[in-house]
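A short reminder: the numbers here are calculations on the coordinates, not readings from a lab. Since the structure is predicted, the reported quantities are computational estimates derived from the model, not experimental observations. Glycine gets a Cβ as well: all are built from the backbone with ideal geometry, and neighbour counts include every protein chain shown.
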Amino acid sequence: QVHLVESGGGLVQLGASLRLSCAASGRILNIDAMRWYRQAPGKQREIVASITRHNNIWYRDVVEGRFTISRDNAKNTIYLQMNSLKPEDTAVYYCNAFGTNLDSWGQGTQVTVSS
């Protein structure tokens, strides 16, 4: 299994920036893709961005151009740089590691954007 620990959430104002981090440990060689999801109150969890082992990157359309996913292989960490934050970005953000016989989740980090 892979253990994931997110950090970097917080309460910010409209237009501010935050950077989320997700540190992975354990069977990281089994990871094919790392993903950021979010879940707003009363809504289903949705994927926000992903990055594969081959650095193929995908973004949800509502965050493309504002969010950037990146990785630091030396630190076994992925990041989600979030700029121009909006109140609708308010959610618990989760890190996910996916691969062969692998689907691990972090505990989540709260992001709240006030208007």
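Table for the structure above
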item: Mean separation of Cα contacts under 8 Å (6+ apart) over length of the stretch 1-59, as relative contact order %; result: 25
item: Inter-probe distance in nm under a simple model that places probes 7 Å from Cα toward Cβ, at Q39 and K86; result: 2.3
item: Dipole moment magnitude, nearest 20 debye, the chain about Cα centre, only Lys, Arg, Asp, Glu C-beta charged; result: 100
item: Largest-first ellipsoid semi-axes for the chain, taking √(5λ) over the Cα gyration tensor eigenvalues, angstrom; result: 23, 14, 13
item: Centroid-to-centroid separation of the stretch 65-115 and the stretch 7-39 [C-alpha atoms, Å]; result: 3
item: Under-5 Å amide H pairs with G10, H placed in peptide plane, nonlocal only; result: V111, T112
